[in-house]
Amino acid sequence: MNLTDKPQDTTPLRWENNLKYWEVLQDVIQSEPPLAEYRDYYGELAALGIAKGKLFAPDARMKRILEHAARVGHFQMRAQAFADRRPDRVVWPDRKWEWVGLRSEDGDFNASSYVDLDAREVWFYQAIGASPAMFRRKAGTGSLYWLGLRDNQDAYLDGSSRYRLNVPLPVPAKLFWSLTVYDAETRSQIQTDQGRAALRSMFELKDTAASQYVDLDFGPTAPGQNEAHWVKTIPGRGWFAYFRIYGPEQAAFDGSWKPGDFEKML
């Protein structure tokens, strides 16, 4: 479903770095039933004055502390999401693509003996919602997501520059595949007067089925000869991309097929 032309706010952007964060959290705690497995977390919130059945009324001192904590927490989550240093984030050693946030296969961030809180925070900051089928790293089922943050020179993708991405065809997808561009600040689909954030095998790229590869272009101005396969970006703003494969086949896992990296065009 293409929602590119509709205003979106899929992140807590308006209040994630200010006191409103805690006020919204208080509302959630009051309205939602408690979960037994979250009792430790509820205890941490209670120490800050947020507890079910109680009024949240921080004094001036506590407000300053909470506002500062919201800002620092926001910076920390941005660093985790877009400057991750965990070696298991890398999909292929000769590419810049990373696994999207989630490092487990059950949708609940469970490692062998612990909950991978780091992975959960990364995924929440980037995309908010998840389900088990979204990240099942097994051929033939579910879907597969890769994160593109940097170009082939390891520089962050910049909305002021032009890039090209070479995708060998066919992509090992039983159903379909797509590449979607997101604004790095809002983590929602990029909003421009072009009205396009995604290039999809069933729509914008349906004419490439018989080709050996397709070039995808990104930048603030149209590339000229490849405008049908172009997504407009915003000068002065960073962006990132998700490469999705639905019904991924074995070649998507064993490295016998892989997309290129984003290449900056001069």
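Values quoted throughout were computed directly from the atomic coordinates according to the rules given, and no laboratory measurement underlies them. In this text the structure is predicted, and so the values were computed from the model without any measurement. Ideal geometry is used to build each Cβ from the backbone, glycine not excepted, and the neighbour counts take in all protein chains shown.
If R₀ is 25 angstrom, what is the calculated FRET efficiency for the pair residue 85 and residue 264, using the beta carbon separation as r and rounding to 0.05?
0.60
Calculate the spin-label point distance for residue 5 paired with residue 57, positioning each point 7 Å from the Cα along the beta-carbon direction, and give it in nanometres.
Inter-label distance under the simple model: 5.1 nm.
How would you classify the stretch 91-197 from its alpha-carbon gyration tensor, with a ≥ b ≥ c the square roots of the eigenvalues: rounded for a/c under 1.5, else prolate if a/b is greater than b/c, otherwise oblate?
Judged from the Cα gyration tensor, the stretch 91-197 comes out prolate (a/c at least 1.5, a/b above b/c).
Below 8 Å between Cα atoms, with a sequence gap of 6+, how large is the relative contact order for the stretch 89-265 in percent?
So the answer I get is 30 percent.
Explain nothing, just the number: dipole magnitude of the chain about its Cα centre with +1 on each Lys and Arg Cβ and -1 on each Asp and Glu Cβ, in debye rounded to the nearest 20.
Dipole size: approximately 180 debye.
Semi-axes of the equivalent ellipsoid of the stretch 226-266: what are they in whole Å, largest first, if each equals the square root of 5 times a C-alpha gyration tensor eigenvalue?
Output for the stretch 226-266: semi-axes of 27, 12, 12 Å.
Rounded to whole Å and sorted largest first, list the principal axis extents of the Cα atoms in the stretch 20-82.
For the stretch 20-82, the Cα extents along the three principal axes come out at 34, 30, 17 Å.
Which of the trypsin sites (Lys or Arg not before Pro) across the stretch 55-90 are loop residues per DSSP, with 12 or fewer other Cβ within 10 Å?
Sparse-neighbourhood loop trypsin sites (Lys or Arg not before Pro): 85.
What number, in percent, do you get for the relative contact order of the stretch 1-119 if the mean sequence gap of Cα pairs under 8 Å and at least 6 apart is divided by its residue count?
21
Run lengths n ≥ 4 of DSSP H only: what is the helix-derived mean residue ellipticity at 222 nm for the chain, with -39500 (n - 2.57) per run over all residues, to the nearest 500?
Per the formula, -6500 deg cm²/dmol.
If I model the chain as equal point scatterers sitting on the Cα atoms and use the Debye formula, what is log10 I(q)/I(0) at q = 0.09, 0.13, 0.14, 0.17 Å⁻¹?
-0.48, -0.92, -1.04, -1.39
Using +1 at the C-beta of Lys and Arg and -1 at the C-beta of Asp and Glu, which of 178, 21, 199 has the Cα lying farthest in the positive direction of the dipole of the chain?
About the Cα centre, the residue reaching furthest to the positive side is 21.
Restricting things to alpha carbons, tell me how big the stretch 9-124 is in terms of Rg and Dmax, in Å.
My reading of the Cα-based Rg and Dmax gives 16.8, 54 Å.
Put +1 on the Cβ of each Lys and Arg and -1 on the Cβ of each Asp and Glu in the chain; which of 73, 241, 226 then has its Cα farthest toward the positive end of the dipole?
73
Stick to Cα atoms and the Kirkwood definition of Rh, then tell me Rg/Rh for the stretch 173-266.
0.96
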